[in-house]
1. Which whole-number percent gives the relative contact order of chain B, counting Cα pairs below 8 Å spaced six or more residues apart?
2. Of the trypsin sites (Lys or Arg not before Pro) in the range B:150-201, which ones lie in a loop per DSSP and count no more than 14 other C-beta atoms within 10 Å?
3. Tell me what chain A gives for mean residue ellipticity at 222 nm when only DSSP H runs of n ≥ 4 count, each as -39,500 (n - 2.57), the sum divided by the residue total, rounded to 500 deg cm²/dmol.
4. Which order, highest average first, do A:201-210, A:80-89 follow once you tally other Cβ atoms within 10 Å for each residue and take the mean per peptide?
5. Quick one: among B:Val91, B:Val237, B:Val131, which has the greatest mean-square fluctuation in a GNM of chain B with alpha-carbon springs under 10 angstrom?
6. Would you mind checking A:Lys179/B:Lys70; A:Lys167/B:Lys227; A:Lys179/B:Lys227; A:Lys227/B:Lys167; A:Lys227/B:Lys185; A:Lys185/B:Lys71 for any pair whose Cα atoms are more than 23 angstrom apart?
7. Net charge within 14 Å of B:Ser291 by Cβ-Cβ distance, Lys/Arg positive one each and Asp/Glu negative one each, not counting B:Ser291 itself?
8. Need one value for A:198-208: mean number of C-beta atoms belonging to other chains within 10 Å of its residues' C-beta atoms.
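Read-outs throughout are calculated quantities, based only on the coordinates presented, and are distinct from any laboratory measurement. Everything numeric here is computed off the predicted structure, so don't read it as measured data. Glycine gets a Cβ as well: all are built from the backbone with ideal geometry, and neighbour counts include every protein chain shown.
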There are 2 protein chains.
Amino acid sequence: MLPIAVDAMGGDHAPAEIVAGARQAVEELGLPVVLVGQPEAIGNAGGLDIVPASEVIGMQDDPAQGVRRKKDSSLVRAAEAVRDGRASAMVSAGNTGATMGAALLRMGRIKGVQRPGIATPIPVPGQTPTVLIDAGANAEATATYLLQFAQMGAAFASARYGIKRPKVALLSIGEEETKGTTLVKGARALLEDSGLRFIGNVEGRDLMSDVADVVVTDGFTGNVALKTLEGALKFLVNAVFTAFNSSEEAKSASAVLLDALAPVAGELDPDATGGAMLLGVEGVCIISHGSSSARAIVNAVRVAAEMVDGGLVGRLRDSLSGG
Amino acid sequence: MLPIAVDAMGGDHAPAEIVAGARQAVEELGLPVVLVGQPEAIGNAGGLDIVPASEVIGMQDDPAQGVRRKKDSSLVRAAEAVRDGRASAMVSAGNTGATMGAALLRMGRIKGVQRPGIATPIPVPGQTPTVLIDAGANAEATATYLLQFAQMGAAFASARYGIKRPKVALLSIGEEETKGTTLVKGARALLEDSGLRFIGNVEGRDLMSDVADVVVTDGFTGNVALKTLEGALKFLVNAVFTAFNSSEEAKSASAVLLDALAPVAGELDPDATGGAMLLGVEGVCIISHGSSSARAIVNAVRVAAEMVDGGLVGRLRDSLSGG
């Protein structure tokens, strides 16, 4: 396998945690990894090859301008490495919009794809995650975009989680087909005729359940839902830990419960998911969350390699023609 | 005060829990309440007056058809009681769409309001709730609707929580004004010129925080966010209780923690919020959630009375003219 290009400069804890994660991925998983970024910032690469890039697109940079102007940035160079056959996939925990832009402009779109979409796994402890697509690539969408997100999301759920005929649902505000926006009604009509295993409309409360394997929505609604979910979980986890630490007695009592809570906590940990995936470009592109730790990068590299091995891009291409 | 009309037939636990709640509200709070519904189904009204209504609009009924065809339904009769000056407010835990429809058709819109919106309090333990508007009345919106939701939401936050100059925010997918849909950008321009204390865009993760007092969005996004939040909280609360009951040792340990968790659990309990409020109609109309217990109805009656006393409808009217 060609190496996986890891953007060493992207993320809240870059480059230290990213480089550490890349090195761990090589050591633990035996996967080939190349780091992309400023050699002096990367420091000790532990023997990993470096694709040098002198510029960095920061979290606050405008994505479109950043990609256009910073041609020697780590994000642009990582996407070029995939395009030029020097890397098999790219992973970045940096600016999401710029990652999308670099992948789209340098790798190009899969033929027939109107817009790439971000597929984010929503944890469903004890079950395979629910794939939410689009989690934020396109603030505005058409019914055809949503159909393509459904096709690509189902192909991804098959490749990633081994689900043969993923259950695809449309995010709305009630199960009835009379509910929702013009966009939702238009997409529903297309999905019913799509040949996909379309199970109808679901609501926000179904995301963390096994009702659907793939939930389709526009990037505005998807991003709001994802951030709302993250906020609610973070809030409640904090409330529980505050209670656990509220007294010496509570501390001793909570020690007993940590074992029972550990599996749930593990599955809710965003570092464990392997990151979100940009679907619709000519290459495997993983968008890790900004606060990625070294372990998040290890998981992202592992998932990237699985998706390369599993022929994700070919499967996405086939999915659009109903294959 | 004129009595508060409680729809005895609406809700998963109607009529028993609703009647029990109405009776408790009279006994505990000394507020006047009238029940609306089928006298034989209501049974022992405990001395409360009954406005008879022979029909019921069920949860599965189409809202528009239900309101149009079932003219002797409890929902339509409750809204008429407010219109005709026989009741000061209405409370229903029944079909949300039909409640909106009955209130809108029978009470009418406040002059100048383009569309009523649903204001739902999102719990922020230790702080006043965040008012989310529109939580589902209108799947599609215009920038002007969002401006009016902001004006009415701020007036409601003042009346309900005593906040003098509520912080108003727009729900989007990033703080930057370049992010979001055409609708969000249009609304932002109107909000910046509105004279409201507009603090800019917020994300889904800010709903359960004290960043904003009022968060404005279209009813599709608002409903998805609300249901996602409910689903995430329910999921995590279940996971915690499963861990608490996972062994005899865990059960004893968790007993110690319940006291510390009780305040948070209490504030997250939907029965405690007093319900959502339909803003923009010529009367106080509370939409309680479908699974309302007697206690939820007591709280809804209490909040309805406070809003009548506080002159909510007049304040909403004034808010639209920048008052």
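1. Numbers: 694 pairs, mean separation 75.5, N = 323.
Rounded, it is 23 percent for chain B.
2. Working: sites: B:Arg160, B:Lys164, B:Lys167, B:Lys179, B:Lys185, B:Arg188, B:Arg197; in loops: B:Lys164, B:Lys179.
Counting only loop positions with at most 14 other Cβ atoms within 10 Å, the trypsin sites (Lys or Arg not before Pro) in the range B:150-201 are B:Lys164.
3. Values: 11 runs with 139 residues, N = 323.
After summing the helix terms and dividing by residue count, I get -13500 deg cm²/dmol.
4. Numbers: A:201-210: 21.4, A:80-89: 19.9.
Top of the packing list down: A:201-210, A:80-89.
5. Its mean-square fluctuation being the largest, the pick is B:Val237.
6. On the way: A:Lys179/B:Lys70 21 Å; A:Lys167/B:Lys227 20 Å; A:Lys179/B:Lys227 15 Å; A:Lys227/B:Lys167 20 Å; A:Lys227/B:Lys185 20 Å; A:Lys185/B:Lys71 30 Å.
Pairs exceeding the cut-off: A:Lys185/B:Lys71.
7. Working: positive: A:Arg205, B:Lys227, B:Lys234, B:Arg295; negative: B:Asp12, B:Glu17, B:Glu230, B:Asp269, B:Asp271.
Net local charge, B:Ser291 excluded: -1.
8. Numbers: counts 0, 0, 0, 0, 1, 7, 10, 11, 3, 6, 6.
Per residue, the number of nearby Cβ atoms from other chains is 4 on average.
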